[in-house]
Amino acid sequence: MSEELAQQQRRLRLKKAVKELSEMRGMGTELVTVVIPPDRMISDVRQQLGQEAGQAANIKSKSTRKHVSDALESAVSTINRYKTPGEGGIAIFVGHVIVGNNKTRLVTTVIDDPPEPFSSFRYRCDSSFEISQLEEMLIDRTSYGLFVIDRSEAAYGLASGKRLHCQEHITSLVPSKHGRGGQSAQRFERLIEEAAHKFFKKATERACNYWLPMIQDLRGIIIGGPGATKDYVVKHDYFHHEIKKLITEPFFDVGYSNESGLRELIQRAGSMMDQIELDRERTLVDEFLREVMQSVPKATYGEAMVRSALKQGAVATLLLSESLSKRRVVWLCKVCKHEWEATQNNLSETPDCPECKSDNVHEDSDRTMELIDEMSILAGHTSAEVRLISLDTEEGDTLNTAFGGIAALLRYPIA
């Protein structure tokens, strides 16, 4: 598995963990967060948690005291499995989480392979988990500023990672052309130019004020619009001097100066934005959609068909939606010793044995894994490329809803 794919999967696992942790709540200050950076010794953390456990005995509420003690005991037990925090550090989230009807369940979530090293030690006992460091890791810092303008409107925003963000759409009050003659024509022309100047200044100032705080993370500013206005605005120094240094050429002709114009700008500037996944993702899914419509397609979709193509070594690029939440589960029957695999949702019921029909079945947790991870490993056996497709684009949403989130571009057509 390539390092790029491994990093993608780390980020995806973290993204799912952050979503789950952010929704968890405790009855009181019963949820324990422990974040251990790489340079912190495990023995020091173990000692501090021991001291916290001693102080927890002074909590007045019997229920809270028991829940905090349980959480700290579980945290220490988890830490004891590690000799060092490793290269990235360890984060432990443990506590009695509300599951409904005034009932709670002890939950432990461990993150020991983060996409970036944890920056500082954290210990907190609260009604929610402290996930700020995790959220910080999910910020995609590879970004381009986008700006489209004509005399009637303008829009600006960001293309960051796989996401397009339109920050603002501004409409102008610049009058249209008129039919008056003589001195009146000159006066109206002057008023039109003054109104246009004010609009250009307002639009560029707002865009610059949005981009300047994040200027260190911007790879460039891409300019577009339906006419010559874009060239005029750049040439006449409407942009802040620091922002102007980041403006890349050429400028692109697009049909609109609103959010649709920003989307078209990304498509036209795709070759320039080589570090932005948004264009790469769109191109891959578009290629799949074109190919799957052919009479003899070099593409397939659906778990069964893609799994068969992987086993034949026919897959060139495997496309997996980030929204896939299923697992590839290995089941063992305790009665007849039959073993089988199945793809299931996380909350699916335990099945009966297909051989002896016994319900004495258990999951082999050591070999069970997320479906995304399992199919990525299969792809690696035949050197197929794996791309994780987000839901942040129209193409990514189509892959998920219309094709079940699993598709493949093939090396050759298969029957």
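The values are calculated or read from the model by the stated rules, or taken from the named source; none is laboratory data. Here the structure is a predicted model, which is why all the values come from computation and not from measurement. Here the Cβ positions follow ideal geometry from the backbone for every residue, glycine too, while neighbour counts run over all protein chains shown.
Looking at segment 124-167, which of the residues that are surrounded by fewer than 16 Cβ atoms within 10 Å (Cβ to Cβ) and within 30 Å of Leu106 (Cβ to Cβ) is nearest to the chain's Cα centre (by Cα)?
Among them, the one singled out is Leu138.
Among residues belonging to segment 86-139 that are of a type in the set (D, E, K, R) and in contact (Cβ under 8 Å) with a residue 60 or more places away in the chain, point out the one that is nearest to Glu4 (Cα to Cα).
Taking segment 86-139 and keeping what is of a type in the set (D, E, K, R), we get 87, 103, 105, 112-113, 116, 122, 124, 126, 130, 135-136.
Add one more test, that the residue is in contact (Cβ under 8 Å) with a residue 60 or more places away in the chain, and what stays is 113, 122, 124, 126, 130, 135.
Numbers: Asp113: 14, Arg122: 29, Arg124: 33, Asp126: 36, Glu130: 28, Glu135: 20 Å.
Filtering segment 86-139 for residues that are of a type in the set (D, E, K, R) and in contact (Cβ under 8 Å) with a residue 60 or more places away in the chain, the one nearest to Glu4 (Cα to Cα) comes out as Asp113.
For segment 373-415, give me each residue that is under 16 Å from the mean Cα position of the chain (by Cα) and closer than 30 Å to Cys336 by Cα.
Hits for segment 373-415: nothing passes.
Looking at Val361, Val335, Val386, which is the one that is modelled with pLDDT of 90 or more, out of contact with any strand residue (DSSP E or B) (no Cβ under 7 Å at 6 or more places or on another chain) and of a type in the set (A, V, I, L, M, F, W, C)?
Values: Val361 fails: out of contact with any strand residue (DSSP E or B) (no Cβ under 7 Å at 6 or more places or on another chain); Val386 fails: out of contact with any strand residue (DSSP E or B) (no Cβ under 7 Å at 6 or more places or on another chain).
So the residue among Val361, Val335, Val386 that is modelled with pLDDT of 90 or more, out of contact with any strand residue (DSSP E or B) (no Cβ under 7 Å at 6 or more places or on another chain) and of a type in the set (A, V, I, L, M, F, W, C) is Val335.
Given the conditions (1) at pLDDT 95 or above; (2) not assigned by TED's automatic domain parsing to the domain that holds Arg387, and given that Arg268 satisfies all but one, which numbered condition is not satisfied?
All conditions are met except number (1).
Tell me the helices (runs of 4 or more DSSP H) entirely within segment 168-272 that contain at least 2 residues that are surrounded by 19 or more Cβ atoms within 10 Å (Cβ to Cβ) and out of contact with any strand residue (DSSP E or B) (no Cβ under 7 Å at 6 or more places or on another chain). Show your work before the answer.
On the way: elements: 182-211, 229-235, 241-244, 259-268.
So the answer is 182-211.
Can you name every one of the strands (runs of 3 or more DSSP E) wholly within segment 39-153 that holds 3 or more residues which are within 30 Å of Tyr256 (Cβ to Cβ)?
Details: elements: 90-100, 103-111, 122-126, 143-149.
Hits in segment 39-153: 143-149.
Looking only at residues that are polar (S, T, N, Q) and in contact with a strand residue (DSSP E or B) (Cβ under 9 Å, 6 or more places away or on another chain) in segment 93-118, which one is surrounded by the fewest Cβ atoms within 10 Å (Cβ to Cβ)?
Going residue by residue through segment 93-118, those that are polar (S, T, N, Q) are 101-102, 104, 108-109.
Now narrow it down to the ones that are in contact with a strand residue (DSSP E or B) (Cβ under 9 Å, 6 or more places away or on another chain): 104, 108-109.
Values: Thr104: 17, Thr108: 14, Thr109: 16.
Looking at the filtered set, the residue picked out is Thr108.
Matching residues to (1) touching a Pro at 6+ places or on another chain (Cβ under 6 Å); (2) closer than 27 Å to Val292 by Cβ; (3) in the same structural domain as Gln294 (by TED's automatic domain parsing):
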| position | (1), (2), (3) |
| --- | --- |
| Lys337 | no, no, yes |
| Thr368 | no, no, yes |
| Met375 | no, yes, yes |
| Leu391 | no, yes, yes |
| Thr398 | no, yes, yes |
| Ala415 | no, yes, no |
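Results for (1) among the charged types (D, E, K, R); (2) surrounded by 14 or more Cβ atoms within 10 Å (Cβ to Cβ); (3) more than 30 Å from Ser143 (Cβ to Cβ), shown as yes or no for each residue.
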{"site": "Thr283", "(1), (2), (3)": "no, no, no"}
{"site": "Thr300", "(1), (2), (3)": "no, yes, yes"}
{"site": "Ser323", "(1), (2), (3)": "no, yes, no"}
{"site": "Val330", "(1), (2), (3)": "no, yes, yes"}
{"site": "Cys333", "(1), (2), (3)": "no, yes, yes"}
{"site": "Thr343", "(1), (2), (3)": "no, yes, yes"}
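Determine which member of the set Leu310, Leu284 is under 23 Å from Ala342 (Cα atoms), hydrophobic (A, V, I, L, M, F, W, C) and either assigned by TED's automatic domain parsing to the domain that holds Glu374 or touching a residue at least 12 places away in the same chain (Cβ under 8 Å) (or both). Steps first, answer last, please.
On the way: Leu284 fails: under 23 Å from Ala342 (Cα atoms).
Being under 23 Å from Ala342 (Cα atoms), hydrophobic (A, V, I, L, M, F, W, C) and either assigned by TED's automatic domain parsing to the domain that holds Glu374 or touching a residue at least 12 places away in the same chain (Cβ under 8 Å) (or both) holds for just one of Leu310, Leu284, which is Leu310.
Could you tell me whether Leu21 is under 30 Å from Ile389 (Cβ atoms) and hydrophobic (A, V, I, L, M, F, W, C)? Steps first, answer last, please.
Details: under 30 Å from Ile389 (Cβ atoms): yes; hydrophobic (A, V, I, L, M, F, W, C): yes.
Here the answer is yes, as Leu21 does meet what is asked.
Could you please find all residues in segment 223-233 being among the hydrophobic types (A, V, I, L, M, F, W, C) and at pLDDT 95 or above? Show your work before the answer.
In the first step, residues of segment 223-233 are kept if they are among the hydrophobic types (A, V, I, L, M, F, W, C); the result is 223, 228, 233.
The answer is Ile223, Val233.
Residues that are under 13 Å from Phe93 (Cα atoms) and surrounded by 15 or more Cβ atoms within 10 Å (Cβ to Cβ): does segment 55-63 have at least one?
Keep residues of segment 55-63 that are under 13 Å from Phe93 (Cα atoms), which gives none.
No, because not a single residue in segment 55-63 is under 13 Å from Phe93 (Cα atoms) and surrounded by 15 or more Cβ atoms within 10 Å (Cβ to Cβ).
Which of the residues belonging to segment 345-358 are modelled with pLDDT of 90 or more and surrounded by 12 or more Cβ atoms within 10 Å (Cβ to Cβ)? Please lay out each step first, then the result.
First, pick out the residues of segment 345-358 that are modelled with pLDDT of 90 or more: 352-358.
Listed by number, the residues that qualify are Asp352, Cys353, Pro354, Glu355, Cys356, Ser358.
How many residues, within segment 3-60, are touching a residue at least 40 places away in the same chain (Cβ under 8 Å) and among the polar types (S, T, N, Q)?
7
If you take the residues in segment 359-374 that are without any contact (Cβ under 8 Å) to a residue 24 or more places away in the chain and charged (D, E, K, R), which one is surrounded by the most Cβ atoms within 10 Å (Cβ to Cβ)? Spell out the reasoning first.
Step one: list which residues in segment 359-374 are without any contact (Cβ under 8 Å) to a residue 24 or more places away in the chain, which gives 359, 365-366.
Narrowing the set further to residues that are charged (D, E, K, R) leaves 359, 366.
Working: Asp359: 10, Asp366: 7.
So, considering only residues that are without any contact (Cβ under 8 Å) to a residue 24 or more places away in the chain and charged (D, E, K, R), the one surrounded by the most Cβ atoms within 10 Å (Cβ to Cβ) is Asp359.
Over 26 Å from the mean Cα position of the chain (by Cα), closer than 17 Å to Tyr144 by Cα and in the same structural domain as Ser152 (by TED's automatic domain parsing), is that true of His236?
Numbers: over 26 Å from the mean Cα position of the chain (by Cα): yes; closer than 17 Å to Tyr144 by Cα: no; in the same structural domain as Ser152 (by TED's automatic domain parsing): yes.
No.
Look through Ile414, Ile389, Ile377 and report the one residue that is touching a residue at least 60 places away in the same chain (Cβ under 8 Å) and more than 28 Å from Lys19 (Cα to Cα).
Values: Ile389 fails: more than 28 Å from Lys19 (Cα to Cα); Ile377 fails: more than 28 Å from Lys19 (Cα to Cα).
Just one listed residue meets the conditions, Ile414.
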